[in-house]
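The values are calculated or read from the model by the stated rules, or taken from the named source; none is laboratory data. Owing to the predicted nature of the structure, the values given are computational and were not obtained by experimental measurement. Positions of Cβ are backbone-derived with ideal geometry, glycine not excepted, and every protein chain shown enters the neighbour counts. Accessible surface areas use protein heavy atoms only, side chains included; no ligands, DNA or RNA. Shrake-Rupley method; radii C 1.70, N 1.55, O 1.52, S 1.80 Å.
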Amino acid sequence: MLILGIESSCDETGVALVATADAPSRVPVLLSHALYSQIEMHQAYGGVVPELASRDHIRRVLPLTDEVMQASGCDLQAVDVVAYTRGPGLAGALLVGAGVACALGAALQRPVLGVHHLEGHLLSPFLSQDPPQFPFVALLVSGGHSQLMQVNAVGDYRLLGETIDDAAGEAFDKSAKLLGLGYPGGPALARLAESGNPAAFKLPRPLLHSGDLDFSFAGLKTAVMTQARKLGEELSARSADLAASTQAAIVDVLVRKSVQALDATGLHRLVVAGGVGANRALREQLNAACQPRGVRVHYPELSLCTDNGAMIALAAAMRLQSGRSQAQWSYAFDVRPRWPLDQLEEELTAR
Ligand code: KG4
Ligand code: ZN
């Protein structure tokens, strides 16, 4: 089966074509994918402007679909299922992807499947050179979410812990803003941190010893703000040190909680997904902490860490292959701007 996947939950329009594998245990194959990032457009505003995001998705989605079909050498008629991100994300942006997917489905007389964006991130390492095997612990760190999950199989997800306030990506983005860096702040802060001293400033590691697997990053942003104010005019000369110290605090908490999650579950495999998973310091320190424990760490390809259509087509293909979901012939669609991943199964079976 050929699955066309459309991602439009935030500021990236992604389209991809994936072929299901011939056995449920095998990984689907990515045939082609195309991405348009709206970063430049939102940069002027210092963050994503939802209405502009929706309008831009409308402009990009069909040309990207053409590009994907051409690159794969397949005809749109060959598509068996049209998948789209149903949530979570920006309501207007999600509606564009859902609307286009259902219109395409109706025009092609093919069924459609709404996909959970975080499930896409979670399964994205299956498209890497070194795909994981179930079960594993997943550290999902994006701009809107920070979660540790136990993943037993496709659709069998147990939430182990999550952020009680800001997400890890948000902590990167907000700290970057305080340091006068552009949007998106994560990659910019990471770049600046390369030339700084991570031990220069003592910043809090919230909930490190809380005894559970939850995170909290809101206090870190306040500590960075206080430190930046204290530095005053000296800030520009010390910004690399402050960036490195901020990154170290975030990474330290993510690594230690991931190790605690591995210990708590007794699992020996860790999967890292979501935009923050592109962070080099995080990758280095997770590898360093996991190797002596005999834990394998799996990451998505760098290009598939942030939002993309490939992970949506893949998640749809894996759900269909495993029999966890069936594509729908009804083209009435809704979107779920807020949609906890651990409510996914009840939602889907209720439909
Ligand atoms: O998964 P994603 O593309 O979108 C969401 O679903 O949220 O994640 C975007 C987040 C942003 O907060 C961005 O600053 C962060 O991932 N990010 C990074 C890096 N690349 C992206 N954070 C730290 N270091 C990076 N290299
Ligand atoms: Zn995402």
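Details
- Residues that are closer than 16 Å to Ser195 by Cα, more than 14 Å from ligand 1 (Cβ to nearest atom) and among the basic types (Lys, Arg), drawn from the range 231-288: Arg238
- Within the range 141-153, considering residues that are at pLDDT 95 or above and touching a helix residue (DSSP H, G or I) at 6+ places or on another chain (Cβ under 6 Å), the one farthest from ligand 1 (Cβ to nearest atom): Gln150
- Test: residue in the range 18-28 that is at pLDDT 95 or above and among the polar types (S, T, N, Q): yes
- Applying a threshold of 9 Å to beta carbon distances and a minimum spacing of six or more residues, or different chains, the list of pairs starting in the range 1-21 at a residue that is within 19 Å of Leu118 (Cα to Cα) and of a type in the set (S, T, N, Q) and ending at one that is open to solvent by 10 Å² or more (accessible area, probe 1.4 Å) and in a strand (DSSP E or B) reads Thr13/Leu35; Thr13/Tyr36; Thr13/Ser37.
- Members of the range 265-295 that are closer than 24 Å to Pro187 by Cβ and basic (Lys, Arg): Arg280, Arg283
- Contact map, the range 138-154: residues that are over 25 Å from Asp11 (Cβ atoms) paired with residues that are open to solvent by 10 Å² or more (accessible area, probe 1.4 Å) and assigned to a loop (DSSP other than H, G, I, E, B), Cβ distance under 7 Å, separation 6+ or inter-chain. Pairs shown: Leu148/Leu213; Gln150/Pro135; Val151/Phe134; Val151/Pro135; Asn152/Phe134; Asn152/Pro135; Ala153/Phe134; Val154/Arg324.
- Listed conditions (1) among the charged types (D, E, K, R); (2) open to solvent by 60 Å² or more (accessible area, probe 1.4 Å); (3) touching a Gly at 6+ places or on another chain (Cβ under 8 Å) are all met by Asp22, apart from (3).
- Every residue from the range 249-278 that is within 16 Å of ligand 2 (Cβ to nearest atom) and on the phi < 0 side of the Ramachandran plot: Val271, Val272, Ala273, Gly275, Val276, Gly277, Ala278
- In summary, helices (runs of 4 or more DSSP H) completely within the range 113-207 and bearing 3 or more residues that are open to solvent by 20 Å² or more (accessible area, probe 1.4 Å) occur at 168-178, 185-193.
Okay, residues lined up against (1) closer than 28 Å to Met149 by Cβ; (2) open to solvent by 10 Å² or more (accessible area, probe 1.4 Å):
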residue	(1), (2)
Asp214	yes, yes
Ala218	yes, yes
Lys221	yes, yes
Lys230	no, yes
Ala237	no, yes
Leu254	yes, no
Lys257	yes, no
Ala261	yes, no
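- Scan of the range 26-59 for residues that are open to solvent by 70 Å² or more (accessible area, probe 1.4 Å) and of a type outside the set (A, V, I, L, M, F, W, C), ordered by number: Arg26, His33, Tyr36, Glu40, Gln43, Tyr45, Glu51, Arg55, Arg59
- Restricting Ala93, Ala83, Ala103 to those that are in contact with a Leu (Cβ under 7 Å, 6 or more places away or on another chain) and modelled with pLDDT of 95 or more reduces the list to Ala83.
- Out of Val251, Val224, Val272, one residue alone is touching a residue at least 60 places away in the same chain (Cβ under 8 Å), touching a helix residue (DSSP H, G or I) at 6+ places or on another chain (Cβ under 7 Å) and within 30 Å of His42 (Cα to Cα). It is Val272.
- Only one of the numbered conditions (1) of a type outside the set (D, E, K, R); (2) out of contact with any Ser or Thr (no Cβ under 6 Å at 6 or more places or on another chain); (3) in contact (Cβ under 8 Å) with a residue 60 or more places away in the chain is not met by Gln77, and that is (3).
- When Leu302 is tested against the conditions (1) within 16 Å of ligand 2 (Cβ to nearest atom); (2) of a type outside the set (S, T, N, Q); (3) crowded, with 20+ Cβ neighbours inside 10 Å, the lone failure is (3).
- Residue that is nearest to ligand 2 (Cβ to nearest atom) [pool: residues in the range 101-111 that are in a helix (DSSP H, G or I) and open to solvent by less than 30 Å² (accessible area, probe 1.4 Å)]: Ala101
- Hits in the range 42-90 (condition: among the small types (Gly, Ala, Ser) and either touching a helix residue (DSSP H, G or I) at 6+ places or on another chain (Cβ under 8 Å) or assigned to a loop (DSSP other than H, G, I, E, B) (or both)): Ala44, Gly46, Gly47, Ala53, Ser54, Gly73, Ala83, Gly87, Gly89
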